[in-house]
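See structure below.
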Amino acid sequence: MQVEVSLTVNGKLYKQNVEPRMLLVQFLRDELRLTGTHIGCDTSSCGACTVLLDGKALKSCTMLAVQANGKSVKTIEGMAENGALHPLQEGFHQEHGLQCGFCTPGMIMTAADLLSHNPSPNEHEIREALEGNFCRCTGYHNIVKSVQYAANKMQAS
Amino acid sequence: MTLIGTSVKRVEDKRFITGKGRYTDDIVLPQMTFAYFVRSPYAHANIKSVDISSASEMDGVVKIYTGKDIAESGINGVPCGWQVDFKNGDTMKEPPHPLLVADKVRHAGDAVAVVIAETYAQAKDAAESVMVDYEVLPAVVNAKAATQEGAPLVHEDAPNNLCFDWELGNPKAEVDAAIEGSHHVTTLDFINQRVIPNAIEPRSAIGHFEGHNDRYTLYTTSQNPHLTRLLMCAFVLGIPEHKVRVVSPDVGGGFGSKIFHYIEEALVTWASKQIGRPIKWTAERSESFVTDAHGRDHVTKAEMGFDKDGKITALRVKTYANLGAYLSTFAPAVPTWLHGTLLQGLYTTPLIHIDLEAVFTHTTAVDAYRGAGRPEATYLLERLLDTAALEMGTDPAELRLKNFIQPFDGVTQEGYQTQVALQYDSGNYHEVLHKALKMVGYEDFRAEQKAARENGKLLGIGFSTYIEACGIAPSAVVGSLGARAGLYESAQVRVQPTGKVSVFTGAHSHGQGHETTFAQVVADKFGIPLEDVEIVHGDSESVAFGMGTYGSRSLAVGGSAIVKSIEKVLEKGAKIAAHKLECSAEDLEYAGGKWTVKGTDKSISFGDISLTAYVPHDYPTGVEPGLDFSSFYDPTNFTYPFGAHIAIVEVDKDTGKVTLKRFIAVDDVGNVINPMIVDGQIHGGVAQGIGQALFEGTIYDESGQLLNASYMDYVMPRADDLPNFEVDRTVTPCPHNPLGVKGAGEAGCIGATPAVVNAVMDALTPYGIHDIEMPVTSQKVWNVINGN
Ligand code: FES
Ligand code: FES
C-alpha cells in the first residue's frame, strides 16, 4: 500500500506516494536523495538525522513521512542561501567544529533551532541544547565555539 | 608564508557543512539490492536447522544464503593479520571465522544467514521469517572465568579458551624478588572494562560485480581499503586482486573499529557476483553494537614496588585479555605488543614483567580501539602511581617527577632503552608535567581543596603522565613480532603540466583532516598555494597501495612517504632547471616556488619546470619526461608522543555525581603541522578517555547478552557532560622522520582515563577507598560514600 504525501523541502513542494511505514529520514535520503541528513541509530538517540520541521529541530527518524504531510522541512542542503553559507556553517568551518562530518548536519540544524529562540546563548545553554546530538570526534569543545561564532555573527548583522 | 605549523582551516569542510559528504550509505547504484543479516540472539548455541522456505517466498526476496551455502561454496573465513605464539612456541589458536556460521553460534550477533531483497524493508521483513532452531548452550563472558576448569568452551580446539599465553620483560624470578624486597608495594586488582568505539556512522558495504569486465568494486566504511582488498581477495574469496577495487569514500569516524576486515564486506562482494547485481548492507545501530569490534576488556592484577625514597623498584603485571569469540584482524597484537611494551611508561622502573593470557569468550570480538593497548598500559601505571602516592603519603606529582626518565633528544643523546623491548625516540617528561602543573595552579588547588573539604565539599585532582607508541614500524621488526603485513606507507606526488599537484596517499582520512594537513606539507615544500594541491585517498584504483590510518600513523609514516616523493620531484626539477638556466644543479637553490642560481637573480618557477617536464622540447639529455614520483616509507622506529593530563572533579555527596570541573592536557606530539587540527584530535581523544572513566562500558549478562546494546543504554559523553578543555603542548621533535612528527590521534584517549579516575579517588580520600571500577558512575560513588 502506498499513501500520498505532500510536503515542502528546502522551499520546494514534493508530492509523492510512499509506504506508510517510511520514516521521514528515509524519505529525505532515499526518495529525495538529500543524503546530508544522516542515520546514526535506531533509538532516536544520536541526532544525526535532525532537520527543521516548520522551523523547529526534529529528529527525522522519529516521524513517519506521512506525518510530515503539509509541513515544511529544511535540511542541511537548504541552509546556504544564494551561495552564501549560513553563519552556523561558517562557524563550524572557522572553529573546526567538525572532524568526520557525520554528526555535523544534525548539529547545525539543532543549533539553528537554538539560535532562533536564543540568539546569544552562553556555553552552558549551548551544551544543553546540543545534548541530544552525539559527536564522537570533537569532544564538543569546538562545536560550542562554532555555535558561539554563529551567534556573534548573526547578532552583528 | 610558511604553511607548516599554521592553523589552516580545513579544505574538506565545505562538503560536510553543506550536506554533500559522500559516505558509503549515500551511494546508490543502478539495480542495487539490499542485504539484511539474520543474527543469533544467543551467545552460544548449536544450530539445529535453518528454514528459509517461507522467507524465500516473500515479496522482493532475491536470494537467501545460509552458513551451509557458504561452507559449500568453499569460501574461507576472515583471517587474522597478526600471530602471537604461546610461551612454549606453539602457534596461537586460530579458529575459523566464517562469513555465515553453519552449525554453531559463538556470540550474540553471530551471522547465520543473509537475505537479499529489492528493498531494505523487504530484506528485513524476510529475515524475520527465516526460522532458525537453536539449542542454547551455557556461555562465558569474563576472560578470567573463561580460563577456569569447566568453563564452557568457545572453540573445541582451544582448551581453557586460551588463544595464547605470553610474557615480556625481565626474568620473572628477578621481578618477583624485587617486589618481595620492596619497601612498599602498591597492588591493584581491577577490570579495564570493555568499551565500544561507536563511530556515529554505522558500518556499511556495497558489493558490485560487473560481468562485462569481470571486475568487483567494494565500497566500504574502512580505515584501510587496500588491506581490506588484500585480505578479502587473497584469504577469503580467492579472487584476483587486480580485478577488485575497494573504495572507502567519506567515512564517519572509525576509532579503530573500521580497521578490520569484516564478514559483511566479503559477503556482499561475493554475493554480488552470484546474483549479478549490486548489494548494499548498512548496519543498524543495534547491529553495530554486537558486530563492530569492541575495545579494552582486561582483567588485571598489577603490583608496583617502591624503595624508601619513593623510587620504583619493579612492576609485575598479570592480565587476562578478552578477545571475544573470534580473532579480529589485529586482535592478538593489542594486549601484547601494544600493551606489554608500554609498561615502562615514563619511568625508570628497572625491572618489569608481564604475564598475559589471551582468552576466547562468547562475546563480540575485541580489537584495537583508539589507543589500543596503550590506554590499558597507561591506566594500569597511572592508577598505580596515584594510589601509591596516597598510600605512601607523598605528592603524586612529586612521585612522578622523581621517577621520570631524564630528558633526551634522540639526536645528541641516545634513545631510551626500556625493559620491555622498545627504544623511546626522544622525550622531555619533566617539562610536560611542569607545564600542566602551572596551568592548573597546583599549589592554589591544594589550598582550595583543603578549604572545600572543611566545608564538606569533595574536590579531587588526578594525574596521568603517559607515553604512547605510534606509527608502529619498521616492517621487519613488526614482522618478527607476528604481523602478517608490512607497516610502511606509500605516496605518489604527481605534478601536473600546469604546476598543480595531485597527491595519492595510502593513508585514509575519516575525520583527521589529511586533505588539509598533507596539502600543507606539499604546498609548503613546493612553495605553491595550498589550492594548487589535492590529496587523493581511499580508492585502490587511484592510490597504488596503502596501509591505511590507525595507530596515529598517518603523518609520521604517510607524511614521510609524501616528503620522499617531494624530494624526488625537486631533485628532478633541479636537473631540468639547471638545463634551462645553463648552470649545474648544484648551483641552484629551491625556495619560494622557484629554482634560483645561487647569488644571482636568475630563476625559473615551479610552474615553468612542470610544463617543461611534460613538453620537453628544450630538455636535458638523459632525463625522462614527466614529473611524477612514488615512494614507500618504512620508518626506522615507532614514534613516542607523551604528555601530562590533569583532571579536577567535584563529587556530589548526596547523589554521587561526578562533575568534571577542569581538564588540562599538555601533550607533546613532536612537530605540529596544523595546531588547530592537533588540538581537535586531543579534544576528541580526551572526550573518549573521559567516556571510559565515567560513563561507558558494556554490560553482559551471564548468558552472553549485551544488555546495553543501544544508544539509549550505552552511555557516551554528551555535550553537557564535558567542560571546555584546556590544552597546550611542548614540542620534542621525532629524531627519525623527516617532518619530526609523532602522532596525535590517540594521545587524548590514552592520557585522560586514569587522570579522571585518579581525581575521583582523590576527592574520595576522606572515605579511605582506593579503587572504584570503571565506569565510575554516580551509583558506584554513592554506594562508596554511603558505606555500601
Ligand atoms: S538517527 Fe535519528 S536520532 Fe539517531
Ligand atoms: S565530527 Fe565525527 S561525529 Fe562529530
If you take the residues in segment A:102-157 that are more than 26 Å from A:Ile39 (Cα to Cα) and among the aliphatic types (A, V, I, L, M), which one is modelled with the lowest pLDDT? A:Ala156
Among B:Phe34, B:Phe16, the single one that is of a type in the set (Phe, Trp, Tyr), more than 30 Å from A:His86 (Cα to Cα) and crowded, with 20+ Cβ neighbours inside 10 Å is B:Phe34
In segment B:621-637, anything buried (at least 19 other Cβ atoms within 10 Å of the Cβ), assigned to a loop (DSSP other than H, G, I, E, B) and modelled with pLDDT of 95 or more is listed as B:Leu627
Selection over segment B:266-323 where residues are hydrophobic (A, V, I, L, M, F, W, C) and farther than 30 Å from B:Tyr36 by Cβ yields a count of 9
Quick one: is A:Gly83 surrounded by fewer than 18 Cβ atoms within 10 Å (Cβ to Cβ) and either within 15 Å of ligand 1 (Cβ to nearest atom) or closer than 30 Å to A:Met22 by Cα (or both)? no
Scanning for something buried (at least 16 other Cβ atoms within 10 Å of the Cβ), modelled with pLDDT of 95 or more and touching a His at 6+ places or on another chain (Cβ under 7 Å), does segment B:461-477 turn up at least one residue? yes
Considering only segment B:746-768, state which residues are at pLDDT below 95 and of a type in the set (Val, Ile, Thr). B:Thr765
For B:Gly60, only one of the following conditions fails: (1) over 29 Å from the mean Cα position of the chain (by Cα); (2) surrounded by 23 or more Cβ atoms within 10 Å (Cβ to Cβ); (3) within 14 Å of chain A (Cβ to nearest Cβ). What is its number? (2)
Yes/no for B:Asp618 being at pLDDT below 95 and either in the same structural domain as B:Val493 (by TED's automatic domain parsing) or farther than 30 Å from B:Ala755 by Cα (or both): no
With the checklist (1) in a loop (DSSP other than H, G, I, E, B); (2) within 29 Å of B:Gln31 (Cβ to Cβ) in hand, flag the one item B:Gly310 doesn't pass. (2)
Please specify each residue of segment B:257-278 satisfying the condition of being part of a loop (DSSP other than H, G, I, E, B) and farther than 15 Å from B:Val244 by Cβ. B:Ser257, B:Lys258, B:Ile259, B:Phe260, B:Tyr262, B:Gly276, B:Arg277
For segment A:112-146, what are the residues that are among the aliphatic types (A, V, I, L, M) and either in a loop (DSSP other than H, G, I, E, B) or under 21 Å from A:Asp54 (Cα atoms) (or both)? A:Ala112, A:Leu114, A:Leu115, A:Ala129, A:Leu130
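Table: residues versus (1) closer than 23 Å to B:Lys435 by Cα; (2) buried (at least 24 other Cβ atoms within 10 Å of the Cβ).
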{"site": "B:Tyr640", "(1), (2)": "yes, yes"}
{"site": "B:Ile646", "(1), (2)": "yes, yes"}
{"site": "B:Val651", "(1), (2)": "no, yes"}
{"site": "B:Leu660", "(1), (2)": "yes, no"}
{"site": "B:Asp667", "(1), (2)": "yes, yes"}
In segment A:101-146, residues that are free of Cβ contacts under 8 Å to residues at least 12 places away in the same chain, more than 16 Å from ligand 1 (Cβ to nearest atom) and surrounded by 21 or more Cβ atoms within 10 Å (Cβ to Cβ) total 2
Quick check on segment A:45-62. Is at least one of its residues more than 16 Å from B:Phe16 (Cβ to Cβ), within 16 Å of ligand 2 (Cβ to nearest atom) and of a type in the set (Ser, Thr, Tyr)? yes
Of these, B:Asn76, B:Asn88, which one is out of contact with any Pro (no Cβ under 6 Å at 6 or more places or on another chain), farther than 17 Å from B:Ala333 by Cα, among the polar types (S, T, N, Q) and surrounded by fewer than 16 Cβ atoms within 10 Å (Cβ to Cβ)? B:Asn88
Would you mind finding the one in B:Ala113, B:Ala102 that is among the hydrophobic types (A, V, I, L, M, F, W, C), within 19 Å of B:Tyr262 (Cβ to Cβ), surrounded by fewer than 23 Cβ atoms within 10 Å (Cβ to Cβ) and over 28 Å from the mean Cα position of the chain (by Cα)? B:Ala102
Residue identified as crowded, with 24+ Cβ neighbours inside 10 Å, part of a loop (DSSP other than H, G, I, E, B) and of a type outside the set (Asp, Glu) among B:Thr498, B:Thr549: B:Thr549
Quick one: would you say A:Cys49 is free of Cβ contacts under 8 Å to residues at least 40 places away in the same chain and buried (at least 22 other Cβ atoms within 10 Å of the Cβ)? no
Would you be able to say whether some residue in segment A:48-55 is facing chain B (nearest Cβ under 7 Å) and under 29 Å from B:Asn708 (Cβ atoms)? yes
Could you check segment A:31-59 and list, in sequence order, the residues that are more than 17 Å from B:Thr282 (Cα to Cα), part of a loop (DSSP other than H, G, I, E, B) and more than 6 Å from ligand 1 (Cβ to nearest atom)? A:Leu32, A:Leu34, A:Asp54, A:Gly55
Working carefully through the options B:Val290, B:Val366, find the one that is away from chain A (no Cβ under 14 Å) and away from ligand 2 (no atom under 16 Å from the Cβ). B:Val366
Just a yes or no: is a residue in segment B:15-26 within 13 Å of another protein chain (Cβ to nearest Cβ), among the hydrophobic types (A, V, I, L, M, F, W, C) and in a loop (DSSP other than H, G, I, E, B)? no
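This table checks each residue for (1) in contact with a strand residue (DSSP E or B) (Cβ under 7 Å, 6 or more places away or on another chain); (2) within 22 Å of B:Gly276 (Cα to Cα); (3) part of a helix (DSSP H, G or I).
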position	(1), (2), (3)
B:Phe34	yes, yes, no
B:Ser49	yes, no, no
B:Pro79	no, no, no
B:Thr91	no, no, no
Complete set of residues in segment B:187-205 that are closer than 30 Å to A:Ala48 by Cβ, away from ligand 1 (no atom under 16 Å from the Cβ) and of a type in the set (A, V, I, L, M): B:Val195, B:Ala205
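Look through segment B:733-771, keep the residues that are within 26 Å of B:Gly787 (Cβ to Cβ) and surrounded by fewer than 20 Cβ atoms within 10 Å (Cβ to Cβ), and return whichever of them is farthest from the other protein chains (Cβ to nearest Cβ). Full working, then the answer.
Pass one, segment B:733-771, residues within 26 Å of B:Gly787 (Cβ to Cβ): B:754, B:756-771.
With surrounded by fewer than 20 Cβ atoms within 10 Å (Cβ to Cβ) added as a condition, the list becomes B:765-771.
On the way: B:Thr765: 28, B:Pro766: 29, B:Tyr767: 30, B:Gly768: 33, B:Ile769: 29, B:His770: 29, B:Asp771: 26 Å.
Ranking the candidates gives B:Gly768 first.
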Count of segment A:64-85 residues which are within 11 Å of chain B (Cβ to nearest Cβ), touching a residue at least 60 places away in the same chain (Cβ under 8 Å) and part of a loop (DSSP other than H, G, I, E, B): 1
Which ones in segment A:88-115 are over 12 Å from the mean Cα position of the chain (by Cα) and more than 23 Å from A:Ser44 (Cα to Cα)? A:Glu90, A:Gly91, A:Phe92, A:His93, A:Gln94, A:Glu95, A:His96
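The values are calculated or read from the model by the stated rules, or taken from the named source; none is laboratory data. Please read all numbers here as calculations on a predicted model, not as lab measurements. No Cβ is skipped: glycine too gets one built from the backbone with ideal geometry, and neighbour counts run over all protein chains shown.
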